[in-house]
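Here's the structure, in structure tokens; my notes come after.
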Amino acid sequence: EAGAALADVLLGVAAPTGRLPFTVPTDGAHLPPFDREADQVTYDAWHGWWRLERDGHEPAFPFGFGLTYTDFALGAWSLERVEDELVLRGTVANTGARDGTDVVQAYGGRQGDRRRLVGFARVAVAAGHESAVELRVPLERLAARDPAGRGWVVPPGRYELRVARHATDPGSGALSVDLP
């Protein structure tokens, strides 16, 4: 059925809604060095869109990027802590002429640290309408490895979250919360 599914997408019967689980650089020189003669390779924590962002390179296609046959716009978003979760609430508008499905993504981390994908939601929106969306981010998704305690902990501090359509989208702008 893969051929039939591909034909449905190409002919506009079905809309594509997938998102990239990796980043595509604009130039091979933006990738980590590669030694084809190496028996073993160890990469550091700077890879994918983190590496491109650190080095100031704009990706050809960022992490979380996807296309469809309509257009979407993010509305205003709010952030609040509810017990052991951060709850993001906002709207997504379908500004195009076709019904469609968007994948709203939340990126976050402690202020000054690298951001990472901490949650997402798929939302169907009729053409010319908007839908309310709620993203719940368990605090454990913000955890960092504690080598001394040999476990994962959520360090205290200010955390910034951003609702976006992909990793390089400015989206909602920074929403922040202090965690003890």
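At-a-glance table
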quantity: Members of the stretch 5-46 that are among the small types (Gly, Ala, Ser), at pLDDT 90 or above and more than 30 Å from Glu58 (Cβ to Cβ); calculated: Ala7
quantity: Counted residues, the stretch 151-180 - those being touching a residue at least 12 places away in the same chain (Cβ under 8 Å), among the β-branched types (Val, Ile, Thr) and assigned to a strand (DSSP E or B); calculated: 2
quantity: Complete set of residues in the stretch 1-38 that are open to solvent by 60 Å² or more (accessible area, probe 1.4 Å), farther than 29 Å from Gly119 by Cβ and in a loop (DSSP other than H, G, I, E, B); calculated: Glu1, Leu11, Val13, Asp27, Pro33, Phe34, Asp35, Arg36, Glu37
quantity: Complete set of residues in the stretch 155-176 that are at pLDDT 95 or above and β-branched (Val, Ile, Thr); calculated: Val163
quantity: Long-range neighbours under 7 Å by Cβ, at least six apart or interchain, first residue at positive phi within the stretch 61-75, second part of a loop (DSSP other than H, G, I, E, B); calculated: Gly64/Arg19; Gly64/Leu20; Gly64/His166; Gly64/Ala167
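So that you can scan it fast, the table gives a plain yes or no per residue for (1) open to solvent by less than 90 Å² (accessible area, probe 1.4 Å); (2) closer than 13 Å to Val118 by Cβ; (3) in contact with a Cys (Cβ under 7 Å, 6 or more places away or on another chain); (4) not β-branched (Val, Ile, Thr):
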residue: Glu140; (1), (2), (3), (4): no, yes, no, yes
residue: Arg145; (1), (2), (3), (4): no, no, no, yes
residue: Ala148; (1), (2), (3), (4): no, no, no, yes
residue: Leu161; (1), (2), (3), (4): yes, yes, no, yes
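The values are calculated or read from the model by the stated rules, or taken from the named source; none is laboratory data. In this text, all values refer to a predicted model and were calculated from it rather than measured experimentally. Please note: Cβ atoms are built from the backbone with ideal geometry, for glycine as well, and neighbour counts cover all protein chains shown. Surface accessibility is based on the protein's heavy atoms, side chains included, excluding ligands, DNA and RNA. Shrake-Rupley method; radii C 1.70, N 1.55, O 1.52, S 1.80 Å.
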